[in-house]
1. Does region 58-78 hold any residues that are surrounded by fewer than 17 Cβ atoms within 10 Å (Cβ to Cβ) and touching a residue at least 24 places away in the same chain (Cβ under 8 Å), and which are they?
2. Restricting to region 173-193, give me the number of residues that are loosely packed, with under 15 Cβ neighbours inside 10 Å, aliphatic (A, V, I, L, M) and part of a helix (DSSP H, G or I).
3. Please verify whether Ala113 is exposed (fewer than 14 other Cβ atoms within 10 Å of the Cβ) and either aliphatic (A, V, I, L, M) or not assigned by TED's automatic domain parsing to the domain that holds Leu184 (or both), treating the condition exactly as stated.
4. Does Gly169 fit the bill of being touching a residue at least 40 places away in the same chain (Cβ under 8 Å), within 17 Å of the chain's Cα centre (by Cα) and outside the structural domain of Ile231 (by TED's automatic domain parsing)?
5. Looking only at region 175-193, which residues are within 16 Å of Arg232 (Cβ to Cβ) and modelled with pLDDT under 90?
6. Say whether the condition of being crowded, with 16+ Cβ neighbours inside 10 Å, in contact with a His (Cβ under 9 Å, 6 or more places away or on another chain) and within 26 Å of Leu235 (Cβ to Cβ) is met by at least one residue in region 14-30.
7. Kindly check whether there is at least one residue in region 57-65 that is part of a helix (DSSP H, G or I) and more than 11 Å from Phe114 (Cβ to Cβ).
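The values are calculated or read from the model by the stated rules, or taken from the named source; none is laboratory data. If you're wondering where the values come from, they're calculated on a predicted model, not measured in any experiment. Cβ placement follows ideal geometry from the backbone for every residue including glycine, while neighbour counts extend to all protein chains displayed.
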Amino acid sequence: MLDFIVEKLWRPIVERTGYTPYTTAAMAVLFVFAVEVFWKFVKKFDQKKLRATAIPWIVFAGLVRFADSRAFPASVITNTPGIFALMIGLFSFSLLVVGFERTKKLGIILSVAFVFVVFPFLGFSNALYLVPIALICFIVKKLYSRFDFMSDSFSWVPHIFEAWVTSFGVYVGLIEEHVLANILMGINPFLFGVVKTLMMPIIVYLIKDLKGSQKLYIGTVIGAIGLGPGIRDLLELLSL
């Protein structure tokens, strides 16, 4: 059992040899567990305020993820899934110690600081690809927002952005590490963008019956796992 954990789960993450079905499944289980545990901690808070406070930290996570192995040596804690544990830990500690407003300001300060850290690694030769990406996001948002259950745009727009940034990134030379995305992009880089765009209404529909603060919390979580990687993939695209 220990050999299986080391060889199939731990080593692919530490050595960065790419995600496997085993690591994907393990991270999915850990993610669901973390979402449940974190809900116990934050359910007493105003979820709108929590989301507004968390957004700068989500952006910061994407910046740190890009800076990993560039601005500082590669580390388990700044790679997936370690980056999630790091950010949740820092965010929770700050929230408990200094409260919402100062935590939000700290997240903004850290994000702005890391923009300067990662800027030297950007080339902007692929910046024109941002035009079709922005156009796709705009059109999809207009179309999907007509459905009542898609009213919480933060829960799904970041995923549309991330899907197409990743698709264009792979088109110009980036390597996709995730198992399912890699299969789709092996057929055509833009197939991932299309499939994920079509899947988002289904995913959001599944949580439409959640009520009140819990629905807003789950929307924040779903949006976060689109926004953070989206920021990282945007920077990856601009770095080529």
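1. Initial filter on region 58-78 (surrounded by fewer than 17 Cβ atoms within 10 Å (Cβ to Cβ)): 69-77.
Correct list: Arg70, Ala71, Ala74, Val76.
2. Residues flagged as loosely packed, with under 15 Cβ neighbours inside 10 Å, aliphatic (A, V, I, L, M) and part of a helix (DSSP H, G or I) within region 173-193 amount to 3.
3. The answer is yes for Ala113.
4. No, not satisfied.
5. Selection gives Ile175, Glu176, Glu177, His178, Ala181.
6. Yes, the conditions are met somewhere in region 14-30.
7. Checking region 57-65: at least one residue is part of a helix (DSSP H, G or I) and more than 11 Å from Phe114 (Cβ to Cβ).
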